[in-house]
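Heads up: the structure comes next, in structure tokens.
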Amino acid sequence: MIDLVLFSSTSRLWLILPLIICISLVYAGTHHEQLGLIVRRAWRTFKWITGFMLLAFGILYLIQYLV
């Protein structure tokens, strides 16, 4: 039973990547018209969102052990 719960929660984390990709592409597509510029801005937005989420995860992970 525990393995099923861990597998279920891990597979849900992989759904974050397509969501971030879609958000980045839509955000860049609404601000630019050229495909090359859209891809560059989407990549930059993807890195920004991913970095922010990893930073938030790191802070919460440290708080878990400090409290």
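Any read-out appearing in this document is the output of simple, stated calculations on the displayed coordinates, not a laboratory observation. The shown structure was predicted, so the numbers you read here are calculated from the model rather than taken from an experiment. No Cβ is skipped: glycine too gets one built from the backbone with ideal geometry, and neighbour counts run over all protein chains shown.
The largest-to-smallest principal axis extents of the Cα set in segment 27-67 are 49, 13, 5 Å.
So for F52, F46, fewest C-beta neighbours within 10 Å to most, what's the order?
Ranking F52, F46 by Cβ neighbours within 10 Å, fewest first, gives F52, F46.
Scalar couplings 3J(HN,Hα) for segment 40-55, obtained by applying the Karplus form with A = 6.51, B = -1.76, C = 1.60 to θ = phi - 60°, are 5, 5, 5, 4, 5, 5, 4, 5, 5, 5, 5, x, 5, 5, 5, 4 Hz; x denotes Gly and Pro.
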